[in-house]
Amino acid sequence: MADLSLQHLDKIYDNKVQAVFDFNLDVKDGEFIVLVGPSGCGKSTTLRMVAGLEDITKGKLIIDGKDVTSMPPKDRDIAMVFQNYALYGHMTVYENMAFSLMLRKENKNVIHQKVMAAAEILGLVDQLNKKPKQLSGGQRQRVAMGRAIVRQPKVFLFDEPLSNLDAKLRGSMRREIMLLHKRLGATMIYVTHDQTEALTLADRIVCMSMGYVQQIGTPLELYDTPANLFVASFIGLPPMNLFDVDVLEDKLVGEGFEYVLSAEQKLLLRNYVGSQIVLGVRPEHIDINGDIDMDVTNNENLGQNTLVHGHIGKKHVVAKIRDWCNYKPGDKVQMKFTHVHFFDKQTTNAIR
Amino acid sequence: MLNNDKKQMKLDRMRYTKNAMSSNMALLAIVANVVYFVVMYKINNKAMYELMMGASVITNLLFMLTVFLCSEGVKKYNIKYAAAMIVIGAIELVRIFIWPLKLHNTETKITVPGQEPIMTTVLNDGQFVLVIVLLVCAAALLIAGGIIGVIRGKQLAAYNESLKQAEQN
Ligand SMILES: Nc1ncnc2c1ncn2[C@@H]1O[C@H](COP(=O)(O)OP(=O)(O)O)[C@@H](O)[C@H]1O
Ligand SMILES: [Mg+2]
C-alpha cells in the first residue's frame with residue numbers, strides 16, 4: 001500500500017508525438033483513481049509511465065516518498081492488469097498465479113498460501129487446475145487479477161481490464177473490482193474510456209483529453225460541476241445537451257427557446273450580457289410541463305424512465321423523463337430546464 | 001509454521017502442482033538409455049549384426065516411448081504409471097545380462113595391416129563398465145522415480161479422499 005505523487009509528467013514519444021502534457025496528481029494511500037477519456041488521450045501512456053514501462057520524458061514520480069522516476073519496473077513494486085490478460089497458455093491457473101513468485105524464488109509453501117488466498121478472494125479455487133483456454137473471459141480476467149494480487153504490490157494498475165467482456169459480465173466484474181478494492185484496501189489506478197465505469201468505481205476521477213488533464217475530482221464533482229465543455233459532454237449518459245445562447249439582462253435566448261435567469265444567475269452572467277455563451281442541460285434535468293417547445297422524433301422506454309429524442313429549434317435534444325411516456329414522432333411537448341450549466345464560449349470553461 | 005502445517009500444506013500443494021521430480025527422473029533415464037545405445041551401436045563389428053540388431057533397435061524405441069508416457073503419467077500422480085516405471089527399471093537391470101554380457105564374452109580378432117592380429121572381446125572391459133553404469137543409472141532413476149511417484153500418488157489420493165469425507169460430513 002502506498003501513496004503516489006505524479007509531478008509535472010510529460011511524455012514525448014520517439015516520433016516526437018507528445019502524448020501527455022504536465023500531468024499532476026497526488027494519490028492517497030488506498031485510493032481508487034480512474035483515468036477516463038476518449039481513446040488516444042494519453043491514459044495508457046500515463047499508466048505505463050507509472051508502471052515504468054515507458055520512460056518519463058519530464059517530471060517526477062514519487063511512490064511512498066521515494067523518487068522512482070528512473071527506477072526499472074521490477075523494483076517499483078507495482079502490478080499491472082492488462083486488457084488482453086497476457087496469461088501463459090501452457091500453464092494452469094495455479095501456475096499462472098504462482099509464476100511471478102516462483103521467479104522470485106519464494107518458499108513454495110508461502111507461494112501456495114498466497115495463491116490459495118487470492119483464488120479464494122476471486123472465486124477461482126475450482127479452476128486452479130485448468131488452462132486459460134478452458135476458462136470464460138470473466139474467469140481469465142480474474143486470473144489476471146489474481147496474478148497481481150499474489151504479489152501484494154504497493155499499487156495496482158488496470159488498463160481497460162473489462163473492455164474485452166460483454167456488457168453483462170462487465171457489470172458484474174465492475175462490482176467485483178469494487179469489492180476487491182474494499183477488501184485489499186490497496187491503492188489502485190484504473191484506466192477506462194467508459195464514463196460509467198469511472199463514475200461507479202472511482203474515489204476520484206481524472207478526466208483527460210488530448211494529453212491534458214481536464215478535471216480531477218470525485219464522481220459527483222465531475223457530474224455536478226464539470227470544469228469545462230469537454231468534461232460536461234464526456235461525463236454523463238446520454239451526454240449533456242449544449243445550446244449556443246445570447247445573454248440578455250434577465251434571460252438567455254437560444255434558437256427556439258428562452259430561459260429566464262434567476263437573480264443568482266444574473267449576477268453570475270453580468271459580464272457576459274450582450275455576448276454568446278454555451279448553455280448545458282443534462283437530459284435528466286429536462287422535464288415536462290414547461291414552456292419550451294420540443295418536437296419529438298423518438299420515444300425510448302427504458303422501464304424506470306423514458307428517453308425522449310427531439311428538436312428544440314434545430315438542435316437535437318435528448319430528455320430523460322422519470323416516467324413511462326408514450327410520445328409519438330411529430331408530437332410537440334412543452335419542456336422546462338430544471339438545472340443548467342453555463343460555459344464560456346471562447347475558453348470553454350465553466351462560468352461559476 | 002508448525003511441522004504439521006507444513007506437511008498439510010505440502011499435501012495441499014500437490015493438488016495443484018505436478019510431480020516434476022518423478023517426471024524429470026524418467027526423462028533423465030531416457031537420456032542415460034540414449035547414451036547407452038549410442039555406445040553400443042558405435043561398436044562397428046559384425047558380431048553386432050549377427051546378434052539381431054533390429055530387435056535391439058526396436059527394444060530401445062519401445063523403451064523410450066513407454067518411459068516418455070510414464071513421465072507424463074507420473075506428472076499427474078498416476079500410480080499405475082509410477083508402478084510401470086519401477087517394472088521398466090527392473091528390466092533395465094536385466095538388460096545388462098543380455099547383449100552387453102554376451103558381447104563382452106564374444107571374442108573377435110582385430111587386424112591392423114603390418115601388425116600381428118590382436119584377440120579381444122567385442123565389448124572391451126572399459127566399454128562394458130560404461131554400459132553397465134549407464135544401465136544401472138537408468139534403472140536407478142526409474143525405480144526411485146517410480147517409488148516416489150507411488151508414494152506421492154497414494155498420499156494425494158488419501159488426501160483427496162479425506163477432503164471428500166470432510167465435505168460430506
Ligand atoms: N509507442 C508509441 N509511439 C508513438 N506514439 C504513441 C505510442 N503509444 C501511444 N502513442 C500515441 O500517444 C497518444 C496516446 O496514446 P495512449 O496513451 O495509448 O492513449 P489511450 O490509452 O488514452 O487510448 C496517441 O496519440 C497514440 O497514438
Ligand atoms: Mg489505452
Can you sort A:288, A:235 by how many other beta carbons sit within 10 Å, fewest first?
A:288, A:235
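Quick check on my link table: of B:10/B:154; A:105/B:76; A:114/A:168, which ones sit more than 18 Å apart, alpha carbon to alpha carbon?
On the way: B:10/B:154 14 Å; A:105/B:76 23 Å; A:114/A:168 30 Å.
Cα-Cα > 18 Å for A:105/B:76; A:114/A:168; rest within.
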What are the ³J(HN,Hα) values, in whole Hz, obtained from phi via the Karplus relation 6.51 cos²θ - 1.76 cosθ + 1.60 with θ = phi - 60°, for each residue of the stretch B:107-116 in sequence order, with x given for Gly and Pro?
7, 8, 10, 9, 10, 10, x, x, 10, 5
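With a 10 Å Cβ neighbour count serving as the proxy for reagent exposure, in which order, fewest first, do A:252, A:25 appear?
Working: A:252 23, A:25 18.
Exposure proxy ranking, most exposed first: A:25, A:252.
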Expressed to two decimals, the stretch A:4-234 has a Cα Rg over Rh, using the Kirkwood radius, of 0.97
Computed over chain B: longest principal axis from alpha-carbon atoms vs helix B:53-75 long axis, angle to nearest 10 degrees, is 20
Need the C-alpha centroid separation for the stretch A:170-217 versus the stretch A:66-140, integer Å.
22
Kirkwood hydrodynamic radius of the stretch B:23-168, from inverse mean 1/r over distinct Cα pairs, in Å
17.1
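Can you give the convex hull volume of the alpha carbon atoms of the stretch A:241-344 per residue, in Å³? Walk me through the numbers on the way to the answer.
Numbers: hull volume 8.9 nm³, N = 104.
Roughly 86 Å³ of hull volume per residue.
Kirkwood hydrodynamic radius of the stretch A:136-241 from all distinct Cα pairs, in Å? Walk me through the numbers before you get to the answer.
Numbers: mean 1/r = 0.0675 Å⁻¹.
Result for the stretch A:136-241, one decimal place: 14.8 Å.
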Mean residue ellipticity (222 nm) of chain B, computed from DSSP H runs ≥ 4 via -39,500 (n - 2.57), nearest 500
-26500 deg cm²/dmol
Under the Debye formula (equal points on every Cα, no solvent term), log10 I(q)/I(0) of the stretch A:171-297 at q = 0.11, 0.23 Å⁻¹
-0.53, -1.37
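May I have the convex hull volume per residue, in Å³, for the Cα set of the stretch A:235-301? Provide the component values of the computation, followed by the final result.
Working: hull volume 7.7 nm³, N = 67.
In the stretch A:235-301, the Cα convex hull volume per residue is 114 Å³.
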Using Cα positions and a limit of under 26 Å, work out the lysines in reach of residue A:11, with same-chain residues fewer than 8 apart set aside.
A:28, A:43, A:58, A:60, A:66, A:74, A:154
If the cut-off is 16 Å between C-alpha atoms, which lysines fall inside it for residue A:315, apart from same-chain ones fewer than 8 positions away?
A:332, A:336
DSSP bridge pairs, the protein assembly as shown: antiparallel proportion in percent, nearest 5:
75
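Send over the Kirkwood Rh of the protein assembly as shown, from the inverse of the averaged 1/r over different Cα pairs, rounded to one decimal Å. Can you show the working numbers first?
On the way: mean 1/r = 0.0338 Å⁻¹.
Final number for the Kirkwood radius of the protein assembly as shown is 29.6 Å.
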Rounded, prolate or oblate (a/c below 1.5 giving rounded, otherwise prolate when a/b exceeds b/c) for the stretch A:107-196 by Cα gyration tensor
oblate
Sorted by Cβ neighbour density within 10 Å, fewest at the top, the residues A:277, B:98
B:98, A:277
Compute the helix-to-body angle for A:108-122: its Cα long axis versus the longest principal axis of chain A, expressed 0 to 90° and rounded to tens.
20
Any idea what Rg and Dmax come out to for the stretch A:32-121 if you just take the C-alpha atoms, in Å?
16.1, 45
Report, to the nearest 10°, how far helix B:79-95 tilts away from the longest principal axis of the Cα atoms in chain B, using its own Cα long axis and a range of 0 to 90°.
20
To make sure I understand the rule: partners must be aspartates and glutamates, Cα under 13 Å from the Cα of residue B:18, and not fewer than 8 residues away in the same chain. Which ones qualify?
A:95, B:72
Check each of the chymotrypsin sites (Phe, Trp or Tyr not before Pro) in the stretch A:254-352 and keep only those in coil by DSSP with at most 16 other C-beta atoms within 10 angstrom; list them in order.
A:324
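Suppose a student asked you for the relative contact order of chain B, using Cα pairs under 8 Å spaced at least 6 residues apart; what percent would you report?
Details: 189 pairs, mean separation 58.0, N = 169.
That works out to 34 percent.
Hey, got a sec? Which trypsin sites (Lys or Arg not before Pro) in the stretch A:301-331 land in a DSSP loop and have at most 12 other Cβ atoms within 10 Å? It would help to have the intermediate numbers written out before the result.
Working: sites: A:314, A:315, A:320, A:322; in loops: A:314, A:322.
Taking the stretch A:301-331 and a limit of 12 other Cβ atoms within 10 Å, the loop trypsin sites (Lys or Arg not before Pro) found are A:314, A:322.
Each value in this text was obtained by applying a stated rule to the coordinates, not by laboratory testing. What you see is a predicted model, and the numbers here were worked out from it, not measured in a lab. Note that we place each Cβ from the backbone using ideal geometry, even for glycine, and neighbour counts take in every protein chain shown.
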